[in-house]
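So the structure is just underneath, and the comments pick up after that.
Each reported figure results from applying straightforward, stated rules to the coordinates on display, with no laboratory input. What you are looking at is a predicted structure, and each value in this text was computed from that prediction instead of being measured. Neighbour counts are summed over all protein chains in view; Cβ atoms, including those assigned to glycine, are modelled from backbone coordinates with ideal geometry.
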Amino acid sequence: MIASAQESDTLAKEKKVKFLFGLDANRSFVLKNRTKFWGLRIGVQVKDRHKFGLGLYGMQDPVILEQKLNKDKYPNSNDSLFFNFRYNSLFYEYIWYKTKRWEMSTPFHLGGGDVNLSYRDTLMNVNKPLFMGNASIFVTSGAVQYKLTRWFALGAGVGYRFVFSRDENLMKGLNAPIYVYRAKLLVGELYRMWFKKNYHDPDWD
C-alpha cells in the first residue's frame, strides 16, 4: 500500500528530533527566603511529544544568615553565614498540548544537589567553608510556552521541589514551591534557517 502525501508528512514529522538549549530560571524559597535560581537545559525533543536532557541550576545569590560564630575557633569571622545550594538533574518533559505557537507540558527533574555553608574571613577577605553536604532532588511542575518566532520561545510554570537528605532541617529548608520562567533558543531551527534556505517548517504555516 502506498502512503498518501499527508500520511508521509505525518510520519516524517513524528520522526523529527530537535536539539534543545535554553534558560530555565526559577524563583523559589530557600530557608524560607525568596530566592532566584538560574538554570540551563540542554537536550533533545523527540516526536514533538517528549523532551529529554540535562538541567544545571544554581542560586543567583547566597542566603545570608545572621549568626555569631565562636570567636576562639573563628577569630576573623563576622556575624554572617552564607548558604548556597546548586543541583544538576536529568529531566523528562511530556508535551500534552501543542499548536503552532502554544505548548503545554509537564516536566520532571531527578538529580542531586550540593549544599555549602560558609563564613566570611575578614582578615583574608574570602569566604571559607563551614559545612558541605549533598541531597537528592525531585522537581515536578506544569509549564506553558509561547513561540514568538520560529527560533525563540518564552515560557512560565509552577511546581514543587522535593529534597531528600539525612538532615531533616535541610529538607525542611529546601522543600519548597517553584515559579519557573524560560527563554528558549531553538538552535536546531536557527541551523535549518541559516544553512537550509529551502527548508519548510510545516508547523509555521
Handout entry: Pairs beyond 32 Å (Cα-Cα), from 16/36; 128/172; 32/73
Key = 16/36
Practice task
Using +1 at the Cβ of each Lys and Arg and -1 at the Cβ of each Asp and Glu in the chain, identify which of 22, 152, 63 lies farthest towards the dipole's positive end.
Solution key: 152
Practice task
For residue 149 paired with residue 64, estimate the spin-label separation in nm (one decimal), with each label point 7 Å from Cα along the Cα-to-Cβ line.
Solution key: 4.0
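Charges at C-beta only: +1 for Lys and Arg, -1 for Asp and Glu. How large is the resulting dipole of the chain about its Cα centre, in Debye rounded to 20?
260
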Fill in the blank from the handout: Between the modelled labels at residue 132 and residue 54 (7 Å from Cα along Cα→Cβ) the distance in nm is 2.1
Completion exercise
Taking Cα atoms only, helix 5-14 is inclined relative to the longest principal axis of the chain by an angle, in degrees rounded to 10, of 10
Problem - Residue among 97, 112, 133 farthest towards the positive dipole end of region 88-205, charges placed on Cβ - result: 97
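For the chain, report the % of Cα-Cα distances exceeding 22 Å.
Considering the chain, 57 percent of its Cα-Cα pairs are separated by more than 22 Å.
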Handout entry: For region 94-147, convex hull volume per residue from C-alpha positions, Å³
Key = 111
Exercise for the section: Quote the relative contact order of the chain in percent (integer), defining contacts as alpha-carbon pairs under 8 Å separated by 6+ residues. Expected result: 18
Practice task
Report the one residue of 183, 40, 195 whose Cα lies farthest in the direction of the positive end of the charge dipole of the chain (charges on C-beta: Lys and Arg +1, Asp and Glu -1; origin at the Cα centre).
Solution key: 195
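With runs of 4+ DSSP H residues as the only contributors, calculate the mean residue ellipticity of the chain at 222 nm using -39,500 (n - 2.57) per run, divided by the residue total and rounded to the nearest 500.
Rounded to the nearest 500, it is -3500 deg cm²/dmol.
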Problem - Percentage, to the nearest whole number, of Cα pairs in region 113-189 over 18 Å apart - result: 62
Handout entry: Vicinal HN-Hα couplings computed from phi for region 163-178 (Karplus, 6.51 cos²θ - 1.76 cosθ + 1.60; Hz; Gly/Pro x)
Key = 10, 10, 8, 6, 8, 5, 5, 5, 4, 5, x, 10, 5, 6, x, 10
